[in-house]
1. If you rank THR222, THR188 by how much accessible surface each has, with a 1.4 Å probe, what is the order from largest down?
2. Figure the gain on full extension for ALA38 and ASP9 (residue separation times 0.36 nm, minus the Cα-Cα span) and round it to one decimal in nm.
3. Compute the length gained on full extension between THR115 and ILE91: take 0.36 nm times their separation in residues and subtract their Cα-Cα distance, giving the result in nm to one decimal.
4. In terms of solvent-accessible area of protein heavy atoms at a 1.4 angstrom probe, what is the ranking of HIS127, HIS33, highest value first?
5. Lysine pairs in the chain 8 or more apart or on different chains: how many have alpha carbons under 25 angstrom apart?
6. Per-residue ellipticity at 222 nm for the chain, helices alone: DSSP H runs ≥ 4 residues times -39500 (n - 2.57), over residue total, nearest 500 deg cm²/dmol?
7. In 5 Å bins starting at zero, report the fraction of Cα pairs in the stretch 7-46 per bin as a rounded %.
Amino acid sequence: MADQLVLRDCGILLDDRPILDSINLSLDSPGLHCLIGANGAGKTTLLRLICGLLEGPRGSVRFSDIELTGLSGRDRAALISYVPQIADDGIPLRVDEAVEVARLANPAGTMQAGTALEMLELQQLAHRKLNRLSGGELKRAMIAQALVQDTRVMLLDEPTAHLDPPARTHVMQLLRDIAHRQGKLVLTSLHYPDLAAQFADSVILLKDGRLLDHGDPGQMTTDLMLTELYGPGPAIFTEVLS
(Lines give C-alpha, C1' and ligand atoms only; values in the text may rest on other atoms or scores of the structure.)
Protein backbone atom coordinates (compact mmCIF):
# COMPACT_ATOMS: atom_id res chain seq x y z
CA MET A 1 0.00 0.00 0.00
CA ALA A 2 1.29 3.48 -0.89
CA ASP A 3 2.31 5.88 1.84
CA GLN A 4 -0.26 8.57 2.56
CA LEU A 5 -0.41 11.94 4.23
CA VAL A 6 -3.65 11.79 6.22
CA LEU A 7 -5.40 14.70 7.95
CA ARG A 8 -8.31 13.92 10.23
CA ASP A 9 -10.65 16.59 11.64
CA CYS A 10 -7.91 19.24 11.43
CA GLY A 11 -8.66 22.83 12.31
CA ILE A 12 -7.41 25.90 14.10
CA LEU A 13 -8.95 28.97 15.71
CA LEU A 14 -7.77 32.57 15.62
CA ASP A 15 -9.50 34.88 18.13
CA ASP A 16 -12.18 32.20 18.54
CA ARG A 17 -12.83 32.23 14.80
CA PRO A 18 -12.15 29.05 12.76
CA ILE A 19 -9.44 29.69 10.17
CA LEU A 20 -9.48 26.01 9.21
CA ASP A 21 -12.32 23.71 10.14
CA SER A 22 -12.92 19.95 9.84
CA ILE A 23 -10.24 19.22 7.24
CA ASN A 24 -10.24 15.53 6.29
CA LEU A 25 -7.83 14.66 3.50
CA SER A 26 -5.73 11.74 2.25
CA LEU A 27 -2.89 12.27 -0.24
CA ASP A 28 -0.96 9.46 -1.88
CA SER A 29 2.82 9.30 -2.06
CA PRO A 30 4.49 9.55 -4.48
CA GLY A 31 2.53 12.34 -6.09
CA LEU A 32 2.23 16.05 -6.80
CA HIS A 33 -0.83 17.56 -5.13
CA CYS A 34 -1.91 21.16 -5.71
CA LEU A 35 -3.92 23.26 -3.27
CA ILE A 36 -5.93 26.08 -4.83
CA GLY A 37 -8.40 28.64 -3.52
CA ALA A 38 -9.00 32.36 -3.23
CA ASN A 39 -6.84 34.65 -1.11
CA GLY A 40 -7.68 34.07 2.54
CA ALA A 41 -9.04 30.57 1.94
CA GLY A 42 -6.51 29.08 4.40
CA LYS A 43 -3.93 27.58 2.03
CA THR A 44 -0.88 28.90 3.88
CA THR A 45 -2.44 28.06 7.24
CA LEU A 46 -3.04 24.47 6.16
CA LEU A 47 0.58 24.03 5.03
CA ARG A 48 1.85 25.53 8.29
CA LEU A 49 -0.45 23.26 10.29
CA ILE A 50 1.00 20.18 8.57
CA CYS A 51 4.51 21.49 9.28
CA GLY A 52 3.75 21.91 12.97
CA LEU A 53 4.33 25.68 12.87
CA LEU A 54 1.02 26.64 14.51
CA GLU A 55 0.03 26.56 18.16
CA GLY A 56 -3.11 24.80 19.29
CA PRO A 57 -4.25 22.93 16.16
CA ARG A 58 -7.02 20.37 16.42
CA GLY A 59 -7.03 16.95 14.81
CA SER A 60 -4.44 14.46 13.64
CA VAL A 61 -1.78 14.59 10.93
CA ARG A 62 -0.07 11.35 9.94
CA PHE A 63 2.36 10.33 7.25
CA SER A 64 2.61 6.60 6.65
CA ASP A 65 2.65 5.19 10.19
CA ILE A 66 4.12 8.35 11.75
CA GLU A 67 1.96 10.69 13.82
CA LEU A 68 3.30 14.18 13.08
CA THR A 69 1.49 15.91 15.92
CA GLY A 70 3.99 16.28 18.74
CA LEU A 71 7.08 15.34 16.73
CA SER A 72 10.23 17.19 17.73
CA GLY A 73 11.47 19.88 15.39
CA ARG A 74 14.50 17.78 14.47
CA ASP A 75 12.44 14.71 13.61
CA ARG A 76 9.94 16.77 11.66
CA ALA A 77 12.72 18.47 9.63
CA ALA A 78 14.04 15.04 8.66
CA LEU A 79 10.61 14.11 7.29
CA ILE A 80 9.15 17.38 5.91
CA SER A 81 10.73 20.30 4.08
CA TYR A 82 8.85 23.58 3.70
CA VAL A 83 9.20 26.50 1.30
CA PRO A 84 7.33 29.52 2.72
CA GLN A 85 5.69 32.14 0.56
CA ILE A 86 7.84 34.96 1.95
CA ALA A 87 11.61 34.55 1.97
CA ASP A 88 14.10 35.86 4.51
CA ASP A 89 16.77 37.40 2.30
CA GLY A 90 18.49 39.22 5.15
CA ILE A 91 20.79 36.30 5.97
CA PRO A 92 24.28 37.20 4.63
CA LEU A 93 24.87 33.89 2.87
CA ARG A 94 25.66 33.02 -0.72
CA VAL A 95 23.23 30.81 -2.58
CA ASP A 96 25.52 27.77 -2.42
CA GLU A 97 26.15 28.33 1.30
CA ALA A 98 22.42 28.59 2.05
CA VAL A 99 21.71 25.36 0.19
CA GLU A 100 24.59 23.58 1.94
CA VAL A 101 23.31 24.74 5.35
CA ALA A 102 19.86 23.36 4.52
CA ARG A 103 21.36 19.88 4.19
CA LEU A 104 22.06 19.90 7.94
CA ALA A 105 18.32 19.62 8.68
CA ASN A 106 18.36 15.98 7.57
CA PRO A 107 21.72 14.28 8.17
CA ALA A 108 20.39 11.09 6.57
CA GLY A 109 19.70 12.82 3.25
CA THR A 110 21.76 11.92 0.19
CA MET A 111 20.99 14.88 -2.10
CA GLN A 112 24.08 16.99 -2.80
CA ALA A 113 23.98 20.79 -2.83
CA GLY A 114 25.47 20.92 -6.32
CA THR A 115 22.76 18.64 -7.66
CA ALA A 116 20.03 20.82 -6.17
CA LEU A 117 21.61 23.97 -7.64
CA GLU A 118 21.78 22.33 -11.05
CA MET A 119 18.17 21.14 -10.93
CA LEU A 120 17.00 24.70 -10.16
CA GLU A 121 19.39 26.18 -12.75
CA LEU A 122 21.24 28.18 -10.10
CA GLN A 123 24.84 27.31 -10.97
CA GLN A 124 25.57 30.80 -12.33
CA LEU A 125 24.16 32.36 -9.15
CA ALA A 126 25.88 30.03 -6.68
CA HIS A 127 28.27 32.69 -5.32
CA ARG A 128 25.74 35.54 -5.22
CA LYS A 129 24.39 36.70 -1.85
CA LEU A 130 20.74 35.96 -1.17
CA ASN A 131 19.96 39.66 -0.72
CA ARG A 132 21.24 40.35 -4.23
CA LEU A 133 18.79 37.99 -5.93
CA SER A 134 15.60 38.91 -7.74
CA GLY A 135 12.30 37.66 -6.32
CA GLY A 136 12.19 34.76 -8.78
CA GLU A 137 15.84 33.82 -8.20
CA LEU A 138 15.31 33.85 -4.44
CA LYS A 139 12.27 31.61 -4.81
CA ARG A 140 14.33 29.08 -6.79
CA ALA A 141 17.04 29.19 -4.12
CA MET A 142 14.42 28.40 -1.46
CA ILE A 143 13.17 25.43 -3.48
CA ALA A 144 16.77 24.20 -3.78
CA GLN A 145 17.07 24.40 0.02
CA ALA A 146 13.97 22.24 0.44
CA LEU A 147 15.14 19.81 -2.23
CA VAL A 148 18.56 19.28 -0.65
CA GLN A 149 16.93 18.30 2.66
CA ASP A 150 15.93 15.11 0.83
CA THR A 151 12.75 14.61 2.86
CA ARG A 152 9.89 12.23 2.08
CA VAL A 153 7.41 15.13 2.09
CA MET A 154 7.88 18.56 0.47
CA LEU A 155 5.47 21.42 1.18
CA LEU A 156 5.64 24.60 -0.89
CA ASP A 157 3.65 27.81 -0.51
CA GLU A 158 3.21 29.53 -3.88
CA PRO A 159 6.50 28.30 -5.45
CA THR A 160 5.59 29.90 -8.80
CA ALA A 161 5.11 33.39 -7.34
CA HIS A 162 7.37 36.07 -8.89
CA LEU A 163 8.24 33.78 -11.79
CA ASP A 164 7.55 34.45 -15.45
CA PRO A 165 5.38 31.89 -17.34
CA PRO A 166 8.24 29.74 -18.73
CA ALA A 167 9.85 29.60 -15.28
CA ARG A 168 6.53 28.62 -13.70
CA THR A 169 6.22 25.76 -16.13
CA HIS A 170 9.81 24.67 -15.42
CA VAL A 171 9.24 24.68 -11.65
CA MET A 172 6.01 22.68 -11.92
CA GLN A 173 7.63 20.10 -14.20
CA LEU A 174 10.53 19.87 -11.77
CA LEU A 175 8.19 19.31 -8.82
CA ARG A 176 6.34 16.61 -10.72
CA ASP A 177 9.64 14.93 -11.61
CA ILE A 178 10.81 15.12 -7.99
CA ALA A 179 7.58 13.52 -6.79
CA HIS A 180 7.63 10.61 -9.23
CA ARG A 181 11.32 9.98 -9.85
CA GLN A 182 12.36 10.35 -6.22
CA GLY A 183 9.24 8.88 -4.67
CA LYS A 184 8.15 11.93 -2.68
CA LEU A 185 4.86 13.47 -1.68
CA VAL A 186 4.87 17.08 -2.89
CA LEU A 187 2.06 19.40 -1.76
CA THR A 188 2.03 22.93 -3.11
CA SER A 189 -0.35 25.86 -3.00
CA LEU A 190 -0.90 27.72 -6.28
CA HIS A 191 -2.62 30.80 -7.66
CA TYR A 192 -2.77 29.26 -11.15
CA PRO A 193 -5.49 26.60 -11.64
CA ASP A 194 -4.21 25.96 -15.17
CA LEU A 195 -0.83 24.84 -13.79
CA ALA A 196 -2.61 22.56 -11.32
CA ALA A 197 -4.68 21.08 -14.14
CA GLN A 198 -1.59 20.49 -16.27
CA PHE A 199 0.83 19.04 -13.71
CA ALA A 200 -0.95 17.78 -10.58
CA ASP A 201 -1.88 14.22 -9.72
CA SER A 202 -4.69 15.61 -7.58
CA VAL A 203 -6.13 19.04 -6.84
CA ILE A 204 -7.47 20.20 -3.47
CA LEU A 205 -10.09 22.96 -3.40
CA LEU A 206 -10.10 25.07 -0.23
CA LYS A 207 -12.79 27.68 0.40
CA ASP A 208 -13.29 29.76 3.54
CA GLY A 209 -11.17 27.41 5.62
CA ARG A 210 -13.04 24.28 4.58
CA LEU A 211 -12.32 21.51 2.11
CA LEU A 212 -14.64 22.09 -0.84
CA ASP A 213 -13.49 19.05 -2.83
CA HIS A 214 -10.46 16.95 -3.75
CA GLY A 215 -9.86 14.74 -6.73
CA ASP A 216 -8.78 14.40 -10.35
CA PRO A 217 -7.35 17.64 -11.81
CA GLY A 218 -9.67 17.53 -14.81
CA GLN A 219 -12.74 17.29 -12.59
CA MET A 220 -11.53 19.85 -10.05
CA THR A 221 -10.70 22.57 -12.61
CA THR A 222 -13.86 22.70 -14.70
CA ASP A 223 -15.48 26.12 -15.16
CA LEU A 224 -18.30 25.02 -12.85
CA MET A 225 -15.95 23.97 -10.03
CA LEU A 226 -13.76 27.05 -10.34
CA THR A 227 -16.80 29.33 -10.27
CA GLU A 228 -17.93 27.61 -7.08
CA LEU A 229 -14.42 28.01 -5.66
CA TYR A 230 -13.67 31.61 -6.65
CA GLY A 231 -17.11 33.00 -7.42
CA PRO A 232 -18.31 34.44 -10.74
CA GLY A 233 -15.96 36.76 -12.55
CA PRO A 234 -13.43 36.95 -15.39
CA ALA A 235 -12.10 33.75 -16.89
CA ILE A 236 -9.84 31.91 -14.49
CA PHE A 237 -7.43 30.51 -17.06
CA THR A 238 -5.41 33.53 -18.11
CA GLU A 239 -2.06 31.85 -18.74
CA VAL A 240 -1.25 30.38 -22.13
CA LEU A 241 1.31 27.62 -21.69
CA SER A 242 3.32 26.40 -24.65
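1. THR222, THR188
2. Gain in length upon complete extension: 8.3 nm.
3. Between THR115 and ILE91, full extension yields 6.4 nm more.
4. HIS127, HIS33
5. Step by step, the pairs that qualify in the chain add up to 5.
6. Rounded to the nearest 500, the figure is -9500 deg cm²/dmol.
7. 6, 19, 25, 27, 14, 6, 2, 0
The values are calculated or read from the model by the stated rules, or taken from the named source; none is laboratory data. Quick caveat: nothing in here was measured; it's all calculated off a predicted structure. Keep in mind that these areas ignore ligands, DNA and RNA; they rest on the heavy atoms of the full protein, side chains included. Shrake-Rupley method; radii C 1.70, N 1.55, O 1.52, S 1.80 Å.
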